[in-house]
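In what follows, a structure is listed as structure tokens, so that the remarks can point back to it.
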Amino acid sequence: MIRAMRMGALVFLPFLFSSAAISVTAQPAPHTLFRGGDSLQRSGNVVFGWHNSATNSAAGRHLTRGDGRPQAWQVNTGSETNLVIRLEGSALWSPHNVLGTLTNEFTVVAYLRVRGTNGFLFDGSSNVGMTRAQIRDGHWQMGVQPRGIQNVTQPDSPTHPAKLNEWQAHAFVFKSAGTGTEGRHYIAGHKPVSVSSPTPPRLTGLVLGANAKVEKFLGVDVAEFAIYPSALDDAQIARVTAALQSHWNKTEDFAEQDLTIAELKDPQVFRTVLRKRGDDGVACYRIPGLATTTNGTLLAVFDIRHKSCGDLPADIDVGLMRSTDDGATWSAMRRIMDFDAAEPNSKGNGVGDPCILVDQKTGTIFVAGLWSYGDRGWSGSGPGMSPAETGQFLLTRSDDDGLTWSAPINITEQIKKPEWRLVLQGPGAGIQLRDGTLVFPAQHRDANGQAHAFFIFSKDGGKTWTSSAAIEGPGVPETTEAQVAELSDRNILITLRNHAGKGLRAWSRWEWSNDLAQGAWTPLTYENEDPVCQASLIRANDDILIFANPASSITRSAMSLRFSRDDGHSWSAPRLLDPRPSAYSSLTILRDGSIGILYECGDAFAADTLTFARVPLEWVLSAKNKAALRPAKVFSDNMVLQRDAPIPVWGAAIPGSSIAVQFAGETVKTNASAEGQWQINLKALAASAQPRELRIASSIANEIRDEVTFTNVLVGEVWIATGQSNMEWPLERDKFAAETLASANQPALRLLNLDFATKYSFGKPFTPEQISRLTPADFFNGAWIPATPDAVKPFSAVAFYFGRELQSELNIPVGIIHLAVGGSPTEAWMRREALRSTTSLQNITEGNWLTNRSLGPWIRERGLQNLEQPRKDGVAIPGDTLGPNHPFKPAFLWESGIAALLPLAMRGVIWYQGESNAEEQWRVEQHEELFPLLVSDWRKQWGLGDFPFLFCQLSSISTNKGYKSEFWPEFRDSQRRMSSLIPNAAIVVTSDIGHPTDVHPRDKRTVGQRLALAALGTVYGRSNETSGPLFASAFHRGTEVVLKFNHARKLQTTDGLPPVGFEIAGTDGHFKPAVARIESDRVVLDVSRNVAPTMVRFGWQPFPRPPLNLVNDVGLPTSTFQAHIAIKEVD
């Protein structure tokens, strides 16, 4: 909804100045939205994916597959640097199971620059949904083709001439018409062209930059590409294309186009490419396996995919390369498993997906492969045992360090049940147990086609093989492509490709005693981000396991290594090896103990190369360790727990481990979930200043694995203090610091100062160290401390004074948690789901926040000051679909700070924020929606009901020195009105203690005391008055206007003079000063010289002069207000 806002007699539409807001408020949310910037997933200049930034993107709908080398292209948009995608002989795409299918009607909108005269802008990725737009011989065409791949190259209906090298906004509308399609092609500034097609509209998946066969590439730069699930009308098209033009205004190429990757220059990492696409005329090399022989030779095995990168059935052989110098140099490639691709009806007669295993006792090497004679790959294989029925599990062996290899050995009948549709190996690498047993990870498809992982083993040196039980059962997801490692207790750890869509790796243990075949699988647990891909696992030594995978829950990228010192119960954070697209991998231990890894990677496509890397074990071990027991960060020594309410205690631990929490004579137990999360609730307790211990222990099989004890824990009142710089302002810089610090030894007042990573970085580029902490897990840090002179110096002055007053009055322990960030806007403290729940606020979470004009210009400018130079320097900045992380980014401070406190038992919140949302009139109006939503959503997420929310009204500052405070009166009045609409909220007026040129008034003691007064009255019933006078109503009484107030007992002035600061206006909206007098608890204005005043206001200056003097009997000041005057008094 676009609302008119009144300022005097002038009416204007604020959102018309915010073009990004128009598209969201005027039409439905897009099905997909691909906007340039940091939503481009890239490796240097090469793009390998594009994240969907649509407000309804819970289903994902990202473009995750590439062809060719799409380029990230730097452009200037006015004063900002941004990224667009350059497609030239390349494309991005995703299939229908990722993007979905649209039918009946939809609209495709794009902001682009055409660079070629032939090719497809977009098409469906399936031949049953080819709705597309293309350029042929310099003219645009659009249409829908009937199903059948033979139609993919057909022309469509012509529309506009194509204009080269000019940025334009396009819209393609497709709508059902009878049994066909009506289409319209819009180009901003031109009349639309209508076309028709006899085929109904259907868009299945998406290819951007090519046709459904990923051919006929178009040379084009794309800044933004969106699909709406409806046929937008002319007015909607006009608005959305205007928004695109405004958002990408003055787009020009950036002079510097080098986006180098810093991680690939690590001097501790040796890296070499073994195979790349096109070597020896081969289309693709995939599926690596790596092992170290008893002689220290490295053996690399892989698929030689001759004709394409596709899986079996195809012309695929298993290749081998050897290195005798720890991977520095490699032999020529040779084939060790190869069938005649020319055999009739064999469909390539391929064998692939190798898995390699070394018998350390004999030196024999085995390689397993799947043979598909005909269509006997993953989908085409069926029940039975013969090659004509089902895929075959083959082995080849070498007894001379990999120099020569045996003919294939078929063990299918030993390990496969006849009803299974398929059985195959890992792929990757097998292991040898301490007792000499050889183990290959394996997988099968059962009679119903469901996939289950297991392993096969041999106790006689590989002569015969036996299958373990599979990982299956009610509620167990499909699992494939496993890797295994022997544990210190002889059990077998298995890591699994998880098809349940959790974005996490699946894990289980094979527990056995006397007979390996008679073991059993433990319930699945889930840990380590994973994009549904193969991974690798190996034991480095007796104490350490190493795990490698693409450490992303969305895309196959960021190959990383982790370690575990507790048999895989817990894992370190990932150590990034390669940020580029990456997929399958295989680990080995070299003869000097270093780690070798063979993995798929590339600049644009994960299967571009097979790359070998070698790193010292210490390199992996430098990754951040994660303890087996990790209570939430809010728990520490010296903390205060909330009295008179159940006390949640929560954290993370080894999945499935037992957790016991002890406090005040009570013990509560639970188990960590499969994802490793746990929570208990201690009983409610009365306030107590007695120091106690909070003990938490985790155990597995009754053996304690980790224990944490927090000491000096009290029970009392807990409050959260948050906002921006006036809440952050430290006590040591307060006006009354000297006298306050001298008496700051208060052991019953406890403080948790959650300091943030980017403090004191105003207008400066963030350092690499600061950027490394721009993650929700690392941004805030701190621990509870008792109040002492040294401890309170850096603590929030407002929060300290508030807590000191409460503790003194209540005479019980008080704990204050402070997490304020200077300059932070309201939206940074809100959940992105909450922002998306309101139509008029959805645009805040659209695309890269640094270029989102739904946010204040100052916010975006500050972000660029902090992030632009590091980005140019090649520093990897953490981020997601909303752009790079930053404390001003929408939702970042919620995710980094507030979310980490849930579900903490606490009493309420004090809030001092607003300056960053008050610089423009439209931002003031926007804040009037943001703030009530923030309060209601925090309360909803906490589940504590309408807990007290006490907030400070903006103070006062003059505009004389260039500070943008001209809209502060509107903002203060908005806050006043919201205080009466938000349940259990209270406002504290501070405009009387502002400063003419400093946005940080130094008197924080008065603010803290007023907040405490509000709390003592509204929450604890300890004070009779909680607020200064708040306007209630105005009405005419003869030649006077009478103003009624709440909280107005014994109205008076601070100087004994008549009240000042009142103004009245007639229908012309021109305000004039009014003479005022006090009449009991009312104020009366003399309007005898005014013609029919209709409006009244008070304190309507950014920095009121003369100083406002109207207060109540406890000296609390009156709030700014503006209101209509009623004809007569209304009860």
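Which condition does Ile720 not pass, out of (1) of a type outside the set (Lys, Arg); (2) touching a strand residue (DSSP E or B) at 6+ places or on another chain (Cβ under 9 Å); (3) surrounded by fewer than 21 Cβ atoms within 10 Å (Cβ to Cβ), if it passes all the others?
Just one mismatch for Ile720, condition (3).
Could you grab me the full set of residues in the range 806-831 that are over 14 Å from Phe931 (Cα atoms) and of a type outside the set (A, V, I, L, M)?
Gln807, Ser808, Glu809, Asn811, Pro813, Gly815, His818, Gly822, Gly823, listed by residue number.
Filtering the range 798-839 down to residues that are among the aliphatic types (A, V, I, L, M) and not in a helix (DSSP H, G or I), which residue is surrounded by the fewest Cβ atoms within 10 Å (Cβ to Cβ)?
The residue in question is Ile812.
Output the residues belonging to the range 863-885 that are surrounded by fewer than 22 Cβ atoms within 10 Å (Cβ to Cβ), touching a helix residue (DSSP H, G or I) at 6+ places or on another chain (Cβ under 9 Å) and part of a helix (DSSP H, G or I).
Within the range 863-885, Leu864, Glu868, Pro870 qualify.
Restricting attention to the range 587-610, which residues are acidic (Asp, Glu) and either assigned by TED's automatic domain parsing to the domain that holds Gly68 or under 27 Å from the mean Cα position of the chain (by Cα) (or both)?
Glu600, Asp603
Look through the range 989-1022, keep the residues that are of a type in the set (D, E, K, R) and part of a helix (DSSP H, G or I), and return whichever of them is farthest from Asp1113 (Cα to Cα).
Arg1005
Residues Ala672, Ala653, Ala613: which one is among the aliphatic types (A, V, I, L, M), touching a residue at least 40 places away in the same chain (Cβ under 8 Å) and not assigned by TED's automatic domain parsing to the domain that holds Ser564?
Only one candidate qualifies: Ala653.
Considering only residues that are over 18 Å from Asp1055 (Cα atoms) and free of Cβ contacts under 8 Å to residues at least 40 places away in the same chain, look in the range 1075-1090 and name the one that is surrounded by the fewest Cβ atoms within 10 Å (Cβ to Cβ).
Only one residue fits best here, namely Arg1089.
For Pro427, state whether it is touching an Asp or Glu at 6+ places or on another chain (Cβ under 6 Å), in the same structural domain as Ala583 (by TED's automatic domain parsing) and either crowded, with 23+ Cβ neighbours inside 10 Å or not charged (D, E, K, R) (or both).
Yes; evaluated as a whole, the condition is true for this residue.
Among the residues of the range 243-252, is there at least one that is at pLDDT below 90 and in a strand (DSSP E or B)?
Looking through the range 243-252, at least one residue is at pLDDT below 90 and in a strand (DSSP E or B).
Would you say Ala91 is among the aliphatic types (A, V, I, L, M), modelled with pLDDT of 90 or more, surrounded by fewer than 23 Cβ atoms within 10 Å (Cβ to Cβ) and over 23 Å from Pro198 (Cα atoms)?
no
Considering the range 1023-1048 alone, what residues qualify as being in a loop (DSSP other than H, G, I, E, B) and within 25 Å of Glu809 (Cβ to Cβ)?
Within the range 1023-1048, Ser1023, Asn1024, Glu1025, Thr1026, Ser1027, Gly1028, Pro1029, His1047, Ala1048 meet the criteria.
Listed residues Trp378, Trp330; which is on the phi < 0 side of the Ramachandran plot, under 39 Å from the mean Cα position of the chain (by Cα) and of a type in the set (Phe, Trp, Tyr)?
Trp378
When the range 559-579 is examined, which residues are found to be in a strand (DSSP E or B), under 28 Å from Arg490 (Cβ atoms) and polar (S, T, N, Q)?
The one that is in a strand (DSSP E or B), under 28 Å from Arg490 (Cβ atoms) and polar (S, T, N, Q): Ser564.
Are any residues in the range 851-862 crowded, with 24+ Cβ neighbours inside 10 Å and either touching a residue at least 40 places away in the same chain (Cβ under 8 Å) or outside any loop (DSSP other than H, G, I, E, B) (or both), and if so, which ones?
Within the range 851-862, Thr851, Asn852, Ser854, Ile859 qualify.
Going by the conditions given, is Val1096 farther than 22 Å from Thr959 by Cβ, more than 50 Å from the chain's Cα centre (by Cα) and outside any loop (DSSP other than H, G, I, E, B)?
no
Please note which strands (runs of 3 or more DSSP E) are completely contained in the range 461-550 and include at least 2 residues that are over 34 Å from the mean Cα position of the chain (by Cα).
So the answer is 504-511.
From Pro418, Pro383, Pro387, Pro408, grab the single residue that is within 15 Å of Gly462 (Cβ to Cβ), modelled with pLDDT of 95 or more and not aromatic (Phe, Trp, Tyr).
On inspection, the qualifying residue turns out to be Pro408.
Answer yes or no as to whether Val128 is within 26 Å of Ala238 (Cα to Cα), of a type in the set (Val, Ile, Thr) and in the same structural domain as Val47 (by TED's automatic domain parsing).
No; evaluated as a whole, the condition is false for this residue.
Suppose we filter the range 814-850 for residues that are touching a strand residue (DSSP E or B) at 6+ places or on another chain (Cβ under 6 Å), in contact (Cβ under 8 Å) with a residue 60 or more places away in the chain and either among the aromatic types (Phe, Trp, Tyr) or more than 24 Å from Phe736 (Cα to Cα) (or both); how many remain?
3
Return only the number of the condition from (1) assigned to a strand (DSSP E or B); (2) touching a Pro at 6+ places or on another chain (Cβ under 8 Å) that Ala604 does not satisfy.
If we test Ala604 against (1) assigned to a strand (DSSP E or B); (2) touching a Pro at 6+ places or on another chain (Cβ under 8 Å), just (1) comes out false.
Given the conditions (1) within 27 Å of the chain's Cα centre (by Cα); (2) more than 21 Å from Ser837 (Cβ to Cβ); (3) among the aliphatic types (A, V, I, L, M), which single one is not true for Leu934?
Leu934 satisfies all of (1) within 27 Å of the chain's Cα centre (by Cα); (2) more than 21 Å from Ser837 (Cβ to Cβ); (3) among the aliphatic types (A, V, I, L, M) except (2).
So in the range 440-453, with the set limited to residues that are surrounded by fewer than 23 Cβ atoms within 10 Å (Cβ to Cβ) and of a type in the set (A, V, I, L, M, F, W, C), which one is farthest from the chain's Cα centre (by Cα)?
Going through the qualifying residues, I end up with Ala447.
Scan Leu496, Leu561, Leu576 and give me the residue that is buried (at least 24 other Cβ atoms within 10 Å of the Cβ) and in contact with a helix residue (DSSP H, G or I) (Cβ under 7 Å, 6 or more places away or on another chain).
Criteria check complete, one pass: Leu561.
I want to confirm something. Restricting to the range 458-469 and keeping residues that are touching a Ser or Thr at 6+ places or on another chain (Cβ under 9 Å) and free of Cβ contacts under 8 Å to residues at least 60 places away in the same chain, which single residue is surrounded by the most Cβ atoms within 10 Å (Cβ to Cβ)?
Taking the candidates together, the pick is Ser458.
Might you check whether a residue that is touching a residue at least 40 places away in the same chain (Cβ under 8 Å) and either touching a Phe, Trp or Tyr at 6+ places or on another chain (Cβ under 9 Å) or surrounded by 15 or more Cβ atoms within 10 Å (Cβ to Cβ) (or both) occurs anywhere in the range 339-347?
no
For Glu389, all conditions in the list (1) surrounded by fewer than 22 Cβ atoms within 10 Å (Cβ to Cβ); (2) within 20 Å of Ala451 (Cα to Cα); (3) touching a residue at least 24 places away in the same chain (Cβ under 8 Å) hold save one; what is the number of the exception?
Tallying (1) surrounded by fewer than 22 Cβ atoms within 10 Å (Cβ to Cβ); (2) within 20 Å of Ala451 (Cα to Cα); (3) touching a residue at least 24 places away in the same chain (Cβ under 8 Å), Glu389 fails exactly one: (3).
Given the criterion under 24 Å from Phe605 (Cα atoms) and of a type outside the set (Phe, Trp, Tyr), identify the matching residue among Gly374, Gly380, Gly319, Gly363.
Gly319
The values are calculated or read from the model by the stated rules, or taken from the named source; none is laboratory data. Computed from a predicted model, the values in this text were never measured in an experiment. Neighbour counts run over all protein chains shown; Cβ positions are idealised from the backbone, glycine included.
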